[in-house]
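Beneath this line is the structure, given in structure tokens, with notes to follow.
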Amino acid sequence: MFTGSEAGAVRLCAASELTEAGRAFVFDVLVHGQPERAFALRFDGRVVAYLNRCVHVAAEMDWQPGEFLDADRRFIVCSIHGATYEPADGRCVGGPCGKGRLTALAVAESGGAVYWYPSPNIQPFAFDEPAPRSSP
């Protein structure tokens, strides 16, 4: 069971910030060393998290900051071409995403907070790291 103090877990937000089928918590990550956005939202009573990258076209999907769900608050929808995903598992259910699936991130709730578990390929983005030096 997750205790909130396991090594490597990153606190994202207070659990109360994620309301059922509401606005997502958006955060920055490094994917294979490149900056990307990710998001966490509450759906069917549990928190899920994905890279903010459409399977159809590698572009951010939210139509307003943190807004990913359709008008009925049932599906994640890409604002660019309408690719539609099941929030519970990121599976494409309509539009130009074919049989694709959003890239899921491991998250858990503990002690009133939401935590993310980085993976070898998806790591925290540290804003205080110095910018890489350009070659002369």
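Results, tabulated for the structure shown:
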read-out: Approximate spin-label separation residue 80-residue 44, in nm, with each point projected 7 Å along Cα-to-Cβ; value: 2.8
read-out: Exposure proxy order (Cβ contacts within 10 Å, fewest to most) of 46, 73, 53; value: 73, 46, 53
read-out: Relative contact order computed over the range 10-64 (Cα-Cα under 8 Å; 6+ residues apart), in percent; value: 24
read-out: Global form of the chain, assessed from the alpha-carbon gyration tensor, a/c cut-off 1.5; value: oblate
read-out: Spin-label zone in the range 96-125 - amide nitrogen under 15 Å from a point set 7 Å from the Cα of residue 59 along the C-beta vector; value: 96-97
read-out: Percent of beta bridges antiparallel (DSSP, the range 10-124, rounded to nearest 5); value: 95
read-out: Cα centroid of the range 3-59 to Cα centroid of the range 66-129, whole Å; value: 7
read-out: Neighbourhood charge, 14 Å Cβ-Cβ cut-off, centred on residue 53 and excluding it, Lys, Arg +1 and Asp, Glu -1; value: -2
read-out: Radius 12 Å from Cβ of residue 13, net charge of other residues (Lys, Arg +1; Asp, Glu -1); value: +1
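Every number here is computed from the coordinates shown, using simple stated rules; none is lab data. No experiment lies behind these values; they were computed from the predicted model shown. Counting neighbours? That spans all protein chains shown, and the Cβs are built from the backbone with ideal geometry, glycine included.
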